[in-house]
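First comes the structure, then the notes that go with it.
The values are calculated or read from the model by the stated rules, or taken from the named source; none is laboratory data. A quick note: this is a predicted structure, and the numbers were derived from the prediction, not measured. Cβ: placed from backbone, ideal geometry, glycine included. Neighbour counts: every protein chain shown.
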Amino acid sequence: MDKRVEILDKEAKEELERLPESLSAKERLSILPQKMAVQAPSERVKNMEEVELGYGENQAVLEAKRCLNCKNKPCVSGCPVGIDIPNFISKIANREFKEALEVIEESSLLPAICGRVCPQENQCQKFCTVGKSLKDLDKAVQIGRLERFAADTAGDSVSLPKVKESTGKKVAVVGSGPASISCSVDVRKEGHDVYIYEALHKMGGVLSYGIPEFRLPKRIVDKEIERLRKLGIHTETNVLVGRTLSLKGLLTEDGFDAVFVGSGAGLPKFMGIPGENLLSVFSANEYLTRSNLMKAFDVERARTPVFKSKKVAVFGGGNVAMDSARTALRLGAERVDIIYRRTMDEIPARKEEVRHAKEEGVNFLLLTQPVEIMGDERDFVRAVVVRDCKLGEPDQSGRRSPIEIEGSEHELEYDTVIVAIGNTSNPLIKKTTPSIETNKRGNFIVDENTNETTMEGVYAGGDIVLGAATVILAMGQGRKAAKAINERLNKK
Amino acid sequence: MYEIVDKKQHSPEVFSMELKAPRIAKERKAGQFVIVQIGGDYNERIPLTIANADKEKGTITIVFQTVGEATHLLARLNVGDSIENVLGPLGSPTDIKYFGKVVCVGGGIGVAPLYPIAKAMKEAGNEVRVIIGARNKSLILEEDLMREIDPNLIVVTDDGSYGRKALVTEPLKELCKEGVDQVVAIGPGIMMKFCVEACRDTNTPCLVSLNTIMIDGTGMCGGCRVHIGNVTKFVCVDGPEFDGYQVDWDNMLKRQRTYRDIEEMRHHKCHIDLQIEEGRA
């Protein structure tokens, strides 16, 4: 065990020993939330390793004892895949870690990943009675951390899901991110053959190219992929459906009985302001892909270069913006500013990521809107012109919309800009498959209950349907589609 | 794995390789390209044009010039070796149809991807004229194949070591004056830029094929973005071919140099490493 975890775990052990065998609600509420050991900010900005080090066993048990085991389980209603949260937590409290993980795996397939990247403060933990009773959302039972603990501790001891006898039916899955992974497993369990086609040279989709190592170690992603293979799921890289193979061809020539498209959010959005095609302006996708997928952070070994920055502006306030900013610091930037047009109250990133970014020295320029990027004589970024904003009435998203203040323009010096304002859907499959209908934003239109697209036998889920969403929502969609696919194939 | 079944060296810097890639061979059309990564966690993904394909054999031919680290490493592979990752065919195919008289202009390594386009244009019933050019004689590619398409093939070299001593733009201008319905130009950015200029006097349409910085090649990274008539387009999904008149050439040429400082440093080191390994230093 890491020294830092050991210290906290020892404290937890001592506290556990002081606690009576059975606890009243009041006693449970008096236990403080367990901190998670982290790499110190000054140390972690110099490496790519995971920031949060996980709970020790006693910490997890103590944290689990904070749960009131509410009858109405409000937390479950906040979980997009409906994990029986109080049940798995009570198993942890009883030190039945393997059983705890089994409970989670009834509903979720990627607990080691979701425990790390889910925005729990907007989901399960938001509804936690403990947090509400203590009038502090941050004091809710640390459900995400417990999920991570169960997965990390018992992951190797839990057996693979049972695969039914082969039905001889085949399903193609396009893309290998969270939506595709969850769909594949559920379809495979029914005994159908599953073939995953990934365009990049590595499996995992956004888990591999997007989320950085310091937030989601790639060994965890690799393990999940290995599990897919152990289940007998076929995986193939370097296949871009829409180009290498056509969607129609999969159904008509290659003998697939159904297809699931989980190809993700394709094209990075730009702001459409002057100067965006200057040389050191990057989409977050490009910046993160260079660092994560192409390993550019490993300057000695990686052959893909990443731009050497001193002063970086990141446009946007989501998780991807935080990931970009923190990656820039780790790649040696001296100053990194997040430029976001609303306030901390509206910022969409996970609270944890914002906190970590701040601790690491990322600056937040709030109520600030970039209006132009200025170049130097070689056309590299020299500065960003920004305008101050104030908050107006709530918009469709329910968040107060920013209003730019005329005449407040001023110039800030930077040498790099990373644009992290989201993605639009990739037009490729749509372009080569006319029978797929999309909405204005280019997202696939699907049946709400089955996730079937307008092309019969073709299902879709994740960002290609939702626009930019989370890992857990993508997973939920993959499962919904899998259920419909299984019903379809069993009828056939 | 994509096995190398044939390899040719055309000059000290230019190589072609025939790879087993049945799916790509089956789907690929003139004007498309592949992304190649030789393997492992640390190697670069590089876009390379498809010069030819054989559906029956299930092979594609790539042609490349050793300009950076990735192409140098690729050049060291031999027949029987395999390339771990080849993704394609990428990009939109060339719009092949009957135009009337078509002039195909290729510079340097750009001649390789031009060949399937010239061939398809001829098969579509066009009268096809071909101009190919390079710095010097040793860098002239596909001369015989191109001569099959255009018996009056025009060859130019910068130094006059072979064919006419001229830039490709000179004979292009002359042909345009005789009346041309469509020009297709593929080569270094600067050459394509000046081909457009050569066409401008006669207002001849000029299609160009851009080769920009790219990582995934599927639309995800946006590194390949260019200004086309003031709208940002992605070369990998919207291109690689565009109306040459609409391209913001200065921005494109500059963007290609984003990593030049880092690459030059690395390339220098890479050269030394390779020489040490090969016992030359």
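Conditions tested, residue by residue: (1) β-branched (Val, Ile, Thr); (2) within 14 Å of chain A (Cβ to nearest Cβ).
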residue: B:THR49; (1), (2): yes, no
residue: B:GLU69; (1), (2): no, yes
residue: B:GLY91; (1), (2): no, yes
residue: B:PHE99; (1), (2): no, no
residue: B:CYS104; (1), (2): no, no
residue: B:TYR115; (1), (2): no, no
residue: B:ASN126; (1), (2): no, no
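Among (1) under 27 Å from B:GLN32 (Cβ atoms); (2) surrounded by 24 or more Cβ atoms within 10 Å (Cβ to Cβ); (3) of a type outside the set (D, E, K, R), where does A:SER291 come up short?
(1)
When both residues are 6+ apart or on different chains and their Cβ atoms are under 9 Å apart, which pairs have a first residue that lies in the stretch A:205-218 and is more than 13 Å from A:ASP323 (Cα to Cα), and a second that is at pLDDT below 95 and among the hydroxyl-bearing types (Ser, Thr, Tyr)?
A:GLY205/A:SER263; A:LYS218/A:SER208
Please specify each residue of the stretch A:215-273 satisfying the condition of being among the β-branched types (Val, Ile, Thr) and over 16 Å from B:GLY219 (Cβ atoms). Break it down into steps so the answer makes sense when it comes.
In the first step, residues of the stretch A:215-273 are kept if they are among the β-branched types (Val, Ile, Thr); the result is A:220-221, A:225, A:233, A:235, A:237, A:239, A:241, A:244, A:252, A:259, A:261, A:273.
Passing the criteria: A:ILE220, A:VAL221, A:ILE225, A:ILE233, A:THR235, A:THR237, A:THR252, A:VAL259, A:ILE273.
Where residues in the stretch A:245-269 are closer than 13 Å to B:ARG23 by Cα and in contact (Cβ under 8 Å) with a residue 12 or more places away in the chain, which of them is surrounded by the most Cβ atoms within 10 Å (Cβ to Cβ)?
For the stretch A:245-269, the residue satisfying everything is A:LEU250.
May I ask you to say which residue of A:ARG342, A:ARG303, A:ARG326, A:ARG330 is more than 20 Å from A:ARG44 (Cα to Cα) and touching a residue at least 40 places away in the same chain (Cβ under 8 Å)? It would help to see each step written out before you state the result.
On the way: A:ARG303 fails: touching a residue at least 40 places away in the same chain (Cβ under 8 Å); A:ARG326 fails: more than 20 Å from A:ARG44 (Cα to Cα); A:ARG330 fails: more than 20 Å from A:ARG44 (Cα to Cα).
One residue alone meets the criteria, A:ARG342.
Here are some conditions: (1) within 23 Å of the chain's Cα centre (by Cα); (2) surrounded by fewer than 24 Cβ atoms within 10 Å (Cβ to Cβ); (3) within 14 Å of chain B (Cβ to nearest Cβ); (4) at pLDDT 90 or above. A:PHE297 meets all but one. Which one does it not meet?
In the conditions (1) within 23 Å of the chain's Cα centre (by Cα); (2) surrounded by fewer than 24 Cβ atoms within 10 Å (Cβ to Cβ); (3) within 14 Å of chain B (Cβ to nearest Cβ); (4) at pLDDT 90 or above, A:PHE297 misses (4) alone.
Regarding B:LYS193, is this residue surrounded by fewer than 21 Cβ atoms within 10 Å (Cβ to Cβ) and under 20 Å from the mean Cα position of the chain (by Cα)?
On the way: surrounded by fewer than 21 Cβ atoms within 10 Å (Cβ to Cβ): yes; under 20 Å from the mean Cα position of the chain (by Cα): yes.
For B:LYS193, the condition - surrounded by fewer than 21 Cβ atoms within 10 Å (Cβ to Cβ) and under 20 Å from the mean Cα position of the chain (by Cα) - is met.
Just give me the residues in the stretch B:217-258 being buried (at least 20 other Cβ atoms within 10 Å of the Cβ), at the interface with another protein chain (Cβ under 8 Å from one of its Cβ atoms) and out of contact with any helix residue (DSSP H, G or I) (no Cβ under 9 Å at 6 or more places or on another chain), in sequence order.
If the condition is that a residue be buried (at least 20 other Cβ atoms within 10 Å of the Cβ), at the interface with another protein chain (Cβ under 8 Å from one of its Cβ atoms) and out of contact with any helix residue (DSSP H, G or I) (no Cβ under 9 Å at 6 or more places or on another chain), then B:PHE234, B:ARG255, B:THR258 are the ones that fit.
For a quick check of your reading: which helices (runs of 4 or more DSSP H) sit entirely within the stretch A:106-204 and have at least 2 residues that are crowded, with 21+ Cβ neighbours inside 10 Å, touching a strand residue (DSSP E or B) at 6+ places or on another chain (Cβ under 9 Å) and in the same structural domain as A:LYS230 (by TED's automatic domain parsing)?
Details: elements: A:111-117, A:129-133, A:143-154, A:178-189.
Result: A:178-189.
Starting from the stretch A:22-36, take each residue that is in contact (Cβ under 8 Å) with a residue 40 or more places away in the chain and surrounded by 13 or more Cβ atoms within 10 Å (Cβ to Cβ) and list its partners that are among the basic types (Lys, Arg) and outside any loop (DSSP other than H, G, I, E, B), counting only C-beta distances under 6 angstrom and pairs at least six apart or across chains.
Pairs found: A:PRO33/A:LYS139; A:MET36/A:ARG145.
Looking only at residues in the stretch A:302-345 that are of a type in the set (A, V, I, L, M) and out of contact with any strand residue (DSSP E or B) (no Cβ under 6 Å at 6 or more places or on another chain), which one is farthest from the other protein chains (Cβ to nearest Cβ)?
Of all residues in the stretch A:302-345, those of a type in the set (A, V, I, L, M) come to A:302, A:306, A:312-314, A:320-322, A:325, A:328-329, A:331, A:333, A:336, A:338-339, A:344.
So of that shortlist, the ones also out of contact with any strand residue (DSSP E or B) (no Cβ under 6 Å at 6 or more places or on another chain) come out as A:302, A:306, A:320, A:322, A:331, A:344.
On the way: A:ALA302: 5, A:VAL306: 8, A:VAL320: 13, A:MET322: 19, A:LEU331: 12, A:MET344: 28 Å.
Going through the qualifying residues, I end up with A:MET344.
Name the single residue that is nearest to B:VAL226 (Cα to Cα) among those in the stretch A:270-288 being buried (at least 19 other Cβ atoms within 10 Å of the Cβ) and more than 8 Å from chain B (Cβ to nearest Cβ). Outline the logic, then answer.
Of all residues in the stretch A:270-288, those buried (at least 19 other Cβ atoms within 10 Å of the Cβ) come to A:275-288.
Remaining after also requiring more than 8 Å from chain B (Cβ to nearest Cβ): A:275, A:278, A:281, A:284, A:287-288.
On the way: A:GLY275: 12, A:LEU278: 10, A:VAL281: 13, A:ALA284: 17, A:TYR287: 17, A:LEU288: 20 Å.
Here the answer is A:LEU278.
Among the residues of the stretch B:65-88, is there at least one that is in contact with a helix residue (DSSP H, G or I) (Cβ under 7 Å, 6 or more places away or on another chain), hydroxyl-bearing (Ser, Thr, Tyr) and touching a residue at least 40 places away in the same chain (Cβ under 8 Å)?
There is at least one residue in the stretch B:65-88 that is in contact with a helix residue (DSSP H, G or I) (Cβ under 7 Å, 6 or more places away or on another chain), hydroxyl-bearing (Ser, Thr, Tyr) and touching a residue at least 40 places away in the same chain (Cβ under 8 Å).
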